[in-house]
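Below you'll find the structure, written out as structure tokens, and then a few comments.
FYI, it's all coordinate maths here, none of it is from the lab. Treat the numbers as computed from the prediction; the structure is a model and nothing was measured. Because the Cβ atoms are built from the backbone with ideal geometry, glycine has one as well, and the counts that use them run over all protein chains shown.
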Amino acid sequence: MSIKIKNNSGMIDISNDVIATVVGGAATDMYGVVGMASRKQVRDSFNQILGRDSYQKGVVIKQQGDAITVEVSIIVSYGTKVSEVSKSVQKQVKYSLQSMLGIEADAVNVIVQGVRVVGE
């Protein structure tokens with residue numbers, strides 16, 4: 001599946017893998033996020049065996065008509081305020097999609113899959 005954008009010059013077709021990479025990159029750059037949590041264990045475990053680490057892990061893109069919903073599964077650092085980290089991830093993902101791809105996400109759902117204690 002992909003997103004199609006029509007403009008005066010023609011059509012732009014953006015793959016869901018590209019969208020997931022932008023979303024994963026935006027999420028992992030935020031303070032308090034220590035990693036992405038997998039929503040598709042089989043595919044992500046296979047990629048890990050092959051040595052492919054991907055920002056796409058933990059990102060699900062849902063599309064109904066023109067509406068785009070993004071689900072991001074993250075692991076947060078112990079000691080951070082989970083609600084603030086989640087809000088920051090939502091804002092950053094929406095901003096990154098708009099600025100890099102020109103896509104307006106209707107909703108960004110953040111799923112906190114775990115908390116990790118990060119060593120000094």
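For the pair Ser38 and Asn7, a Förster radius of 41 Å applied to the C-beta separation gives a FRET efficiency near 0.70, rounded to the nearest 0.05.
Counting only lysines at least 8 places from Lys6 when in the same chain, those with an alpha carbon closer than 24 Å to its own are Lys62, Lys94. Annotation for the stretch 11-25 versus the stretch 71-98: alpha-carbon center distance of 18 Å. Would you calculate the separation in nanometres between label points at Ser15 and Lys87, each defined as 7 Å from the Cα along the Cα-to-beta-carbon direction? Between Ser15 and Lys87, the simple spin-label model gives 3.7 nm.
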